[in-house]
Each structure stands twice: as C-alpha cells, then as structure tokens.
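Below you'll find the structure, written out as structure tokens, and then a few comments.
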Amino acid sequence: MPVHSQTTIIPFSLAKLYIDGWNTRATNDIIDSFHAPITDSLTKVTEIERAAFYTYSSQDVQDLKDILKSNPGLEVSNLFFFMGAGDPNPGYGHPFAYRPILRVVFSEKDEKTKLDPMIGTALNIPPQVKFETTESGTGGVVTLEFAAPCPPFCGGGGGGGSRL
C-alpha cells in the first residue's frame with residue numbers, strides 16, 4: 001500500500017498499546033515523558049528540553065479533509081484525544097516518550113449513505129489512510145499518532161501542519 005513519507009495514520013490496535021502504556025505509567029515517569037535531551041543543530045549543544053506542543057503533518061490533515069470532500073455522506077461526529085506513552089525514538093525525530101493520539105470518528109449523515117460493512121465500497125478513501133469501517137457499516141474511524149514534537153520541530157519551514 002503506498003504511504004506518504006510523513007503519514008502518522010495508524011490502526012487503533014497500535015494506538016491502544018500507547019494508550020495502555022500511558023495508563024500503566026508510574027507517577028514519577030509522567031513528568032519524564034515530556035522531557036528529553038535535544039541537540040541544537042547549530043551549536044551542537046545538548047540540553048534537556050520539555051515538549052512545548054505537537055503538530056500533525058499537513059498530509060494527514062489533508063487526508064482527513066479529502067475523506068470528507070470525496071464522501072459527502074460522511075461527517076465528523078467525534079474527536080477523541082488520548083494520552084499515550086511509548087519509547088522515545090530520537091532517530092525518527094521523536095525524542096519524547098509522550099505520544100498524543102487523535103481519533104477521528106466519521107458518521108453517516110443519513111440512511112442514503114449506508115456503507116457496506118464488509119468492503120466499504122461507498123467510500124473514496126486515500127490509499128495511505130488506515131480507515132477502519134465500523135462493524136455495523138455506519139461510518140468509520142481514523143487514528144493519528146506520532147505527531148511531530150516541538151522541540152525539535154518548532155515550525156519555520158518543515159512542511160507545516162496542524163498544531164495540537
């Protein structure tokens with residue numbers, strides 16, 4: 001399946017591992033989840049920094065808009081934000097253990113847009129999006145994770161995005 005290089009859309013089963021990781025985190029580890037060593041690219045000095053905010057990629061935001069644009073029978077009915085925790089991954093630009101999880105729930109506007117629960121043939125979903133139809137076929141969900149943290153990604157050119 002083709003994927004955009006910056007896509008952060010994942011199956012909820014994977015996101016649930018991060019959510020469970022947060023829920024089972026020791027109290028003294030919660031503060032540490034927001035702190036990590038960050039090396040300044042110009043001075044090469046490494047200091048412990050705190051995450052200021054997270055940004056989802058412009059591609060992910062566009063993918064969500066495209067779902068609504070190409071499926072006029074769907075609407076966003078719920079947005080869920082979950083706290084998540086995982087291993088820091090500085091090599092991929094995610095030095096913090098904290099992982100914000102965004103779950104977007106799409107519902108049908110009316111009965112005329114009834115989706116096929118097995119194959120979702122009524123949907124026009126970008127191929128890189130992990131859109132999960134509900135068992136009843138009444139809509140679907142998209143889960144976003146691995147938003148870019150500031151620092152080290154604090155704006156000024158890196159592809160834009162939507163701030164969390």
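The values are calculated or read from the model by the stated rules, or taken from the named source; none is laboratory data. Predicted model only: the values in this text are computed from it and were never measured. FYI the Cβ positions are ideal-geometry reconstructions off the backbone, even for glycines, and counts take in every protein chain you see. The accessibility values were calculated without ligands, DNA or RNA, using every heavy atom of the protein model including side chains. Shrake-Rupley method; radii C 1.70, N 1.55, O 1.52, S 1.80 Å.
Determine the alpha carbon to alpha carbon distance for each of K109/K130; K16/K109; K16/K44 and list only those over 31 Å.
Values: K109/K130 21 Å; K16/K109 28 Å; K16/K44 36 Å.
In this structure, K16/K44 exceed 31 Å between Cα atoms.
In the full protein assembly as shown, how much of V45 is accessible to a 1.4 Å probe, in Å² to the nearest 10?
My reading of the accessible area for V45 is about 70 Å².
Counting only protein chains, not ligands or nucleic acids, how are H35, H94 ordered by accessible area (probe 1.4 Å), most first? Provide the component values of the computation, followed by the final result.
Numbers: H35 70, H94 0 Å².
Descending order: H35, H94.
Would you kindly find the accessible area of R50, with a 1.4 Å probe and non-protein molecules such as ligands, DNA and RNA excluded, rounding to the nearest 10 Å²?
Probe radius 1.4 Å; accessible area of R50 about 130 Å².
From largest to smallest, what semi-axes in whole angstrom does the stretch 20-68 give when each is the square root of 5 times an eigenvalue of its alpha carbon gyration tensor?
For the stretch 20-68, the semi-axes come out at 29, 22, 6 Å.
Given that compact globular proteins tend to follow 2.2 N^0.38 Å, what is the ratio of the alpha-carbon Rg of the stretch 24-105 to that value? Intermediate values should be presented prior to the final figure.
Working: Rg = 16.8 Å, N = 82, 2.2 N^0.38 = 11.7 Å.
Its radius of gyration relative to the 2.2 N^0.38 Å reference: 1.43.
For every other residue with a beta carbon closer than 12 angstrom to the beta carbon of F82, add +1 if it is Lys or Arg and -1 if Asp or Glu, then tell me the sum. Intermediate values should be presented prior to the final figure.
Details: positive: K16, R99, R103; negative: D20, E145.
Value of the local net charge: +1.
Around Y98, with a cut-off of 13 angstrom between Cβ atoms, what is the net charge of the other residues, counting Lys and Arg +1 and Asp and Glu -1?
Details: positive: R25, R50, R99; negative: D29, D32, E49, D87, E145.
Neighbour charge sum, excluding Y98 itself: -2.
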